[in-house]
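The structure under discussion appears below in the form of structure tokens.
Every number here is computed from the coordinates shown, using simple stated rules; none is lab data. No experiment lies behind these values; they were computed from the predicted model shown. Heads up, the Cβs are rebuilt from the backbone with ideal geometry, glycines too, and the neighbour counts pull from every protein chain shown.
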Amino acid sequence: MAVLQKIRNRAGIAVIIFVGVALFLFVIDHETIARWFNKSDRSLAKINGKKIEFTEYDAVANEFHNFFALQGQRIEQEDLRELVWNNILHKHLMSSYFKEIGLAFSDEEYYEVYNGESAPANYKQLIEPEILKLKYSSMLAKGFYQPSKFAELEYFEENNSSDIEYVMLAYKNIDDADIKISESDLQSYYDKHQNMFMNDKRYREVDYVVFYITPSTTDSLQAFEKIQTKYDRYISGGLVPSIKEENLSEIDLLQMGLPENFFNEETGTLSDVILNNEAYFFSELSEINFIPDSVRASHILIRPNENFSWEECHEKADSLLILINEGADFGLMAMNNSEDGSAEKGGDLDWFTFGMMVPEFNDACFYGKIDDIVKVETDFGVHLIKITDQTKAMKKLTLTSVYEEIKFSEPTVNYYFANASNFATENTTGSKFDEAVRKEKLVNYTAELGDLDDKIGQTEGARELVRWVYDDKTKEGDVSVVYNFTDRFIVAKVKAIYEKGVIPFDLVKEKIEPEVIKNKKAEKLLADLEKDVAKKMDINDIAEKYGIETAAANNISFAARYIPSLGFEPNIIAAASVLDMDVLSKPIKGNNGVFVIKVVNKTQAPSKTDFTDEQNQAMIEFMSKLYNQNTQVDFMLEALIKKAKIEDYRYRYF
């Protein structure tokens with residue numbers, strides 16, 4: 001009995017512990033649990049074997065967040081993450097290189113950036129990468145020199161040109177089915193062109209089906225009953241939520257679904273209940289106005305600031321208005337007093353349509369008359385507006401409209417979720433997924449997903465789905481669970497996994513096949529043309545033999561990228577630049593077919609010995625690329641990234 005009692009006591013304790021743990025796990029956040037079980041590795045990335053801990057990212061992110069807050073600016077999370085990541089890459093890849101070549105950003109320079117004012121504390125490291133980029137750009141720009149001989153070569157390459165006649169045996173004239181290729185042909189092409197099959201970044205190709213949630217007939221009926229209740233209340237004078245729709249033309253009304261004659265009704269006319277764009281609505285014609293479609297105006301803007309109050313803005317505007325009414329030139333007054341970019345044009349804002357300006361400004365211009373000068377206050381400041389021109393006034397309506405959107409109900413959502421769930425549970429492999437798509441005639445969408453993407457196709461907020469795709473346990477051919485979005489459910493299949501580096505042969509075999517077929521066609525056509533050239537046939541005889549006509553292309557220079565009517569044909573351009581006049585070329589393999597060409601005319605560039613202008617232009621173009629904000633020394637960071645061994649785990653956290 002004592003032993004049994006001990007067992008009972010221990011069992012009771014075990015049950016209590018089990019229930020307690022179960023309740024604890026029930027209430028605690030699942031992401032916290034995941035972090036506990038993954039405590040062994042909290043790294044954000046590995047750069048050349050060195051772990052980058054998430055704490056480093058967190059610290060830099062907080063500093064950037066505080067930095068922007070101090071400047072009174074707000075930064076989106078996605079932009080912040082990219083900014084922090086680039087800062088980390090700079091620290092671990094570029095800093096040592098800059099240090100090696102002697103580039104630095106001193107404390108004195110940091111304070112100088114802020115014009116001697118109190119610089120934000122501890123934020124030097126945040127702006128340092130951009131400052132060092134600028135310094136490096138300047139160093140490269142000053143070190144660049146275009147030798148005279150290079151400039152001379154480019155001058156003649158751009159200005160010497162040739163006119164040619166050619167015969168092209170087009171690849172498209174040979175049926176692909178007539179060309180036999182083997183697996184070894186594909187493998188041989190792949191082995192020789194692996195540089196063409198490189199991924200700079202890893203990505204996943206996924207197929208997915210979408211189950212769109214559309215309101216049912218019952219949902220539509222419920223919406224109609226609600227709008228009918230609002231309609232009856234509106235007629236009886238009750239309060240109903242409504243919106244004003246202003247400045248509507250006859251076309252606008254027709255697009256809304258209102259009857260043709262509604263545009264010509266009197267104010268107070270009420271429409272029937274109408275269905276349009278997944279919503280029921282009715283409208284009352286509340287105003288009829290005659291206003292122009294477009295207005296031209298000039299203005300003088302006076303802005304308030306910490307030293308100049310709104311009251312003082314109005315006082316200044318009133319003083320200017322008195323001077324203008326007494327004969328002062330409005331344009332001159334705008335040039336001397338307006339505080340926006342239009343000042344240099346005498347305040348002229350050019351033509352604008354209804355709604356382009358803020359409401360107060362808009363109404364003053366469209367409901368006023370030509371030559372009116374009015375004072376208006378907006379969020380930008382106090383304006384003096386002169387209406388300089390208007391198009392002919394046209395009839396416009398203002399409607400008071402009441403809407404009831406047709407929304408899908410919970411039963412409707414459950415119906416589509418059941419369909420999506422059945423699809424996911426019955427088709428758990430790639431082959432079953434594909435077969436079900438064909439059998440059920442579903443639309444099969446395809447997308448390429450990066451590990452930090454937040455959308456799939458046009459569907460936003462897909463991080464959970466992307467995380468699943470990149471989970472270490474997810475393999476090629478795996479099918480997902482149902483992912484829920486606002487108005488749709490998605491089930492995805494991992495079609496292919498592409499890692500950084502050389503893409504495996506099996507994943508590119510289908511893409512290689514057209515090129516291998518084209519090469520086989522080229523071999524056959526080259527052999528045929530070589531026989532013709534060996535027989536001393538001229539270009540017209542060759543054209544006649546193949547039942548085609550000779551064609552011409554003029555003004556082909558070595559520096560050209562394209563040939564009119566042919567497109568990108570660099571081999572033809574190169575041959576034309578060195579071929580002697582009236583000499584038939586050897587057969588040339590091109591992008592669209594196999595060619596023989598003959599130069600019928602050459603134009604030589606004007607002779608010159610001074611190439612200073614060309615040298616200067618080359619240096620200007622080089623510096624322009626360096627200082628372009630979008631490419632500024634990023635090519636160097638990209639080169640270092642390609643060279644480095646980077647294992648990026650950010651997808652685990654975001």
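A dipole drawn for the chain from +1 and -1 charges on Cβ atoms has a positive end, and of 382, 248, 485 the residue lying farthest that way is 485. With each label modelled as a point 7 angstrom along the Cα→C-beta vector, the residue 218-residue 109 pair spans 7.0 nm.
For region 135-203 versus region 437-515, the inter-centroid distance based on Cα atoms is 32 Å. Which lysines have a Cα lying under 21 Å from the Cα of residue 586, excluding residues fewer than 8 positions away in the same chain? Leaving aside lysines fewer than 8 places away in the same chain, those within reach of residue 586 are 518, 520, 521, 524, 531, 535, 536, 545, 598, 602. Compared with the direct C-alpha span, the chain from residue 48 to residue 438 gains 135.8 nm at full extension, assuming 0.36 nm per residue.
Paramagnetic label reach from residue 78 (point 7 Å along Cα→Cβ; backbone nitrogen cut-off under 12 Å): within region 458-495, residues 458-463.
Cα-based values for region 184-328, radius of gyration first and Dmax second, are 30.5, 91 Å.
Here the translational diffusion coefficient of region 217-291 follows from Stokes-Einstein with Rh set to the Kirkwood radius across Cα pairs; for 10 °C and 1.306 mPa s it amounts to 118 µm²/s. Only lysines eight or more places from residue 396 in sequence, or on another chain, were considered; those with a Cα closer than 21 Å are 244, 369.
Residue 485 sits among other residues whose Cβ lies under 14 Å from its own Cβ, and their net charge, with Lys and Arg +1 and Asp and Glu -1, is -1. FRET efficiency for the pair residue 95 and residue 507, taken as 1/(1 + (r/R0)^6) with r the Cβ-Cβ distance and R0 = 45 Å, rounds to 0.75.
Could you list 179, 572, 47, 620 so that the one with the fewest beta carbons within 10 Å of its beta carbon is first and the one with the most is last?
Ordered by Cβ neighbours within 10 Å, fewest first: 620, 179, 47, 572.
Summarised as an ellipsoid, region 251-298 has semi-axes of 25, 15, 9 Å, derived from the eigenvalues of the Cα gyration tensor scaled by 5 and square-rooted, with the largest first. For region 498-654, the C-alpha radius of gyration divided by 2.2 N^0.38 Å, with N the number of residues, is 1.56. Here the chain is treated as a sphere whose radius is the Kirkwood value from Cα pairs; by Stokes-Einstein at 10 °C and 1.306 mPa s it diffuses with a coefficient of 46 µm²/s.
In region 294-390, the C-alpha radius of gyration followed by the widest Cα-Cα span (Dmax) gives 12.4, 37 angstrom.
Among 398, 267, sorting on how many other beta-carbon atoms sit within 10 Å of each Cβ, with the fewest leading, yields 267, 398.
The simple spin-label model puts a point 7 Å past each Cα toward its Cβ; for residue 603 and residue 589 those points are separated by 3.3 nm.
Exposure proxy ranking for 619, 333, 198, based on other Cβ atoms within 10 angstrom of each Cβ and starting from the fewest, stands as 198, 619, 333. Equivalent ellipsoid of region 377-519: semi-axes from √(5λ) of the C-alpha gyration tensor, largest first, are 47, 27, 18 Å.
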